[in-house]
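Have a look at the structure below before the remarks.
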Amino acid sequence: MGNDNFQYLLRRYPSDPLYPEVEKIRGSYVYTTDRRKFLDLTAGYSACVSIGGSNLKVRSAIKKQMRKYSYVSAVSWSNSRAAELAELLVRKAPLGLDRVMFPGCSGSEAIEAAMRMSYQVRFEQGEIDRSVFITRSNAYHGITSLALSLTSTPVYGFLKPLQPTNHVSIPQHNFFEQSLAGESQDDYALRSAKQLEDQIIATGPEKITAFVAESMLGSLQGNVPPSGNYWKLVREICDRYEIHIILDEVYCGLGRSGKVYCCEWDGITPDFVAQGKQLAGGFGPISAVVTKSRFEEIIKAGQNRIFYATTYEAHPLAVAAAIEVQKVVQSNEMLAHVNLIGEMIKQRLTDGLGTHEFFKNVRGRGALVTIEYQCDDQEKFNERLQAEMRDQHGVLIGSRFHRTNFNPPSTTSYRQVERAVDQYVELFEKIGLDFSRTSI
């Protein structure tokens, strides 16, 4: 099939040249039809290819399921494999999270379902005015209507007339951008949590159903962990005003942070957790909402129906893939490996570039690591970093805005990542000679 066929395909960026076409993926390596090979340190660009692209057990599980049946509707049939996957997610969840729903194909649908369920619980309890969600600035939680309404990313601004308006915003929780001069991580956490409480009081707690936020800021902001005991402070505030916490772990969940649930690092139990990208690791489209049986009982006593359904919820092929993926990413051995390579990335970036004039910081959790820097014409600097890592070293990285994200598949070997990071450090120094530092 030649390039002429692409004239019928409506692409996201219609005027861009055609991207390379993938022939196959083996482990963390991508092979293209023009006979090139790349080590992918972006885990499929959006960090969803958590165990590489060719795991034999996952592929076998999909084939085995296909021999039985490829699809049944979750509305009218039971699926014991979906129950098995739910058990895998509950078994490692923070205490109190004991119910799982598979609302559809993407993290957007998981966020949408969690938001709707939060309000339905309010409705069933007679609190019909509690319909407002609190979000944080510069957030991104998905492309569906409710989820997109929470984002303030300028590129989506023209869609605002189509979106619900039942939300208010507080500043993002980002120590590297929002802290005051001389402010400690603990003091910043306290001030940031107070911004949430101030907004709750200003809006009126009787109007608010939930606070929606990422457990740690993801690829949009560059792998920013929360400061100090921020989430414990937030949990106390939300308990005080009986406000749900909806955590978005679509990007950072299910082993990528070095723990099965990213919020385990912070020692809290949210009310809802949205999972997506890492659930089936790119082998199938599926997402999940992990929540509490207490809410199920409230809904059961009310309308006895969760008002969210999609055609492909708990799709059997995606469920089969997700079970095998979760067996890998939840293992103690894999979590130890993820933390090991993450610490190595941070250490080698700090050792290699910590004194560079462009350097600002290195941060992250597990296999999600970011180096932030500042120079003149950063767009061109990023373009050269990406292009020369790709063309000279055969390595795919995510450099944009003011940073480079390293998100290798969890199964990438220590040596593969180490070599690529060292190549990046050398290239950063070389390209940096053509640019200059800008004032902060």
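From the list V289, V319, V224, V260, pick out the single residue that is closer than 21 Å to V132 by Cα, of a type outside the set (D, E, K, R), out of contact with any Gly (no Cβ under 6 Å at 6 or more places or on another chain) and assigned by TED's automatic domain parsing to the domain that holds W77. If you could, list the steps in order and put the result at the bottom.
On the way: V319 fails: closer than 21 Å to V132 by Cα; V224 fails: closer than 21 Å to V132 by Cα; V260 fails: closer than 21 Å to V132 by Cα.
The conditions single out V289.
Identify, please: which residue in the stretch 361-390 is of a type in the set (A, V, I, L, M) and within 18 Å of I341 (Cα to Cα) and is, among those, surrounded by the fewest Cβ atoms within 10 Å (Cβ to Cβ)? Result: V362.
Yes or no, residue by residue, for (1) surrounded by fewer than 16 Cβ atoms within 10 Å (Cβ to Cβ); (2) β-branched (V, I, T); (3) under 12 Å from V290 (Cα atoms); (4) assigned by TED's automatic domain parsing to the domain that holds L220:
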{"position": "A47", "(1), (2), (3), (4)": "no, no, no, no"}
{"position": "S80", "(1), (2), (3), (4)": "yes, no, no, yes"}
{"position": "A83", "(1), (2), (3), (4)": "yes, no, no, yes"}
{"position": "S108", "(1), (2), (3), (4)": "no, no, no, yes"}
{"position": "M117", "(1), (2), (3), (4)": "no, no, yes, yes"}
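Which pairs turn up if I take residues in the stretch 156-178 that are over 22 Å from L217 (Cβ atoms) and look for partners that are of a type in the set (V, I, T) and buried (at least 20 other Cβ atoms within 10 Å of the Cβ) with beta carbon separation below 9 Å, at least 6 apart in sequence or on another chain? Matching pairs, first to second residue: N166/V132; N166/T209.
Close Cβ contacts (under 7 Å, 6 or more residues apart or on different chains) running from residues in the stretch 35-58 that are over 26 Å from A387 (Cβ atoms) and without any contact (Cβ under 8 Å) to a residue 60 or more places away in the chain to residues that are assigned to a strand (DSSP E or B) and of a type outside the set (S, T, Y) comprise S54/I25; S54/R26.
Close contacts from the stretch 297-310, counting a first residue that is modelled with pLDDT of 95 or more and exposed (fewer than 11 other Cβ atoms within 10 Å of the Cβ) and a second that is in a helix (DSSP H, G or I) and aromatic (F, W, Y), with Cβ to Cβ under 7 Å and a gap of 6+ residues or different chains, come to none at all. Of all residues in the stretch 216-245, those satisfying the criterion of being touching a Pro at 6+ places or on another chain (Cβ under 7 Å) and within 17 Å of A139 (Cα to Cα) are M216, I245. Of all residues assigned to the stretch 2-17, none qualifies as being surrounded by 11 or more Cβ atoms within 10 Å (Cβ to Cβ) and not in a helix (DSSP H, G or I).
Could you please let me know if I286 is touching a strand residue (DSSP E or B) at 6+ places or on another chain (Cβ under 7 Å), touching a residue at least 24 places away in the same chain (Cβ under 8 Å) and under 25 Å from Y119 (Cα atoms)?
Working: touching a strand residue (DSSP E or B) at 6+ places or on another chain (Cβ under 7 Å): no; touching a residue at least 24 places away in the same chain (Cβ under 8 Å): yes; under 25 Å from Y119 (Cα atoms): yes.
When the stated conditions are applied, I286 does not pass them.
Taken over the stretch 369-401, the criterion of being farther than 17 Å from E418 by Cβ, part of a strand (DSSP E or B) and either aliphatic (A, V, I, L, M) or in contact with a strand residue (DSSP E or B) (Cβ under 9 Å, 6 or more places away or on another chain) (or both) is satisfied by T370, E372, Y373, G398, S399.
Does G96 meet the test of being within 17 Å of I245 (Cβ to Cβ), part of a loop (DSSP other than H, G, I, E, B) and either outside the structural domain of E197 (by TED's automatic domain parsing) or modelled with pLDDT of 95 or more (or both)? In short, yes.
Within the bounds of the stretch 405-414, is there any residue that is modelled with pLDDT of 95 or more, surrounded by fewer than 17 Cβ atoms within 10 Å (Cβ to Cβ) and either under 13 Å from V369 (Cα atoms) or of a type outside the set (V, I, T) (or both)? Yes, the stretch 405-414 contains a residue that is modelled with pLDDT of 95 or more, surrounded by fewer than 17 Cβ atoms within 10 Å (Cβ to Cβ) and either under 13 Å from V369 (Cα atoms) or of a type outside the set (V, I, T) (or both).
The values are calculated or read from the model by the stated rules, or taken from the named source; none is laboratory data. These figures come from a predicted structure and were not determined experimentally. Cβ coordinates were reconstructed from backbone atoms using ideal geometry, including for glycine residues, and neighbour counts include every protein chain displayed.
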